[in-house]
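Report on one structure; see the data block that follows.
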């Protein structure tokens, strides 16, 4: 049936995962290169996907989301806003089925380099004009050397809460502190292109209190591991998990033993 999950195993390990769609399997393939890896999203028939190997088929108990077809179309569009580079095959399947687990800190660097945030829908593409459709809690990502993140904390404007680094010190002794502030969208984007994402599960009830608490903090010495992306995601999702989940971890969480 539409949205069924196909899992192919090789020597008891997950080799690939895909979703049944319009008589084919949509899959994410990680292509290994000499200097870097890349990803490709394509559709193949069932025989080409399984290649004669043993496989299992799973069906989501509560059915597929109403937006499943749109999710597939977005994934196949190869737009920069739906870049799945950095995902593994199980994460890709979960994203299309809208099955979400807590984000991990490793997601932050991936997002900063252009990977689609897990659990978010695209509201505005980088190339689109802004049509005043931002909502409280929307995630803004501005293009640059790497993506700068902020969160809409007021729909009037709109206004964006962000984490920035400010230089302190004199002459040869320089240091930086983290500053949390609110800026108008024009000040945040600074003329650069930006995309807007909306969390599929909505924002937490405590979002406004989190914003107030973040603004009341004294400036802190900058920590390399604490980025503006991490700050934005913590406002929307709470503390991020430390450990990244691999394909086997996700398979166990979702399906248990597939043998």
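Here are a few things to note about the model shown:
- On the stretch given as the stretch 22-50, residues that are out of contact with any strand residue (DSSP E or B) (no Cβ under 7 Å at 6 or more places or on another chain) and at pLDDT 95 or above total 4.
- For the stretch 50-68, filtered to residues that are more than 21 Å from residue 246 (Cβ to Cβ) and surrounded by 15 or more Cβ atoms within 10 Å (Cβ to Cβ), the residue that is farthest from the chain's Cα centre (by Cα) is 50.
- Counting only residues that are touching a helix residue (DSSP H, G or I) at 6+ places or on another chain (Cβ under 9 Å) and closer than 21 Å to residue 211 by Cα, the stretch 182-194 holds 1 of them.
- Index of the failed condition, residue 83 passing every other in (1) surrounded by fewer than 19 Cβ atoms within 10 Å (Cβ to Cβ); (2) in contact with a helix residue (DSSP H, G or I) (Cβ under 8 Å, 6 or more places away or on another chain); (3) free of Cβ contacts under 8 Å to residues at least 40 places away in the same chain: (2)
- Number of positions in the stretch 123-147 that are part of a strand (DSSP E or B) and modelled with pLDDT under 95: 0
- Yes/no for residue 192 being more than 13 Å from residue 151 (Cα to Cα) and modelled with pLDDT under 95: no
- Within the stretch 55-66, no residue satisfies the criterion of being touching a strand residue (DSSP E or B) at 6+ places or on another chain (Cβ under 8 Å) and farther than 18 Å from residue 251 by Cα.
- Consider the stretch 219-245 and keep the residues that are out of contact with any strand residue (DSSP E or B) (no Cβ under 9 Å at 6 or more places or on another chain) and modelled with pLDDT under 95. The one that is surrounded by the fewest Cβ atoms within 10 Å (Cβ to Cβ) is 224.
The values are calculated or read from the model by the stated rules, or taken from the named source; none is laboratory data. From a predicted model like this one, the values you see are computed outputs, not experimental measurements. FYI the Cβ positions are ideal-geometry reconstructions off the backbone, even for glycines, and counts take in every protein chain you see.
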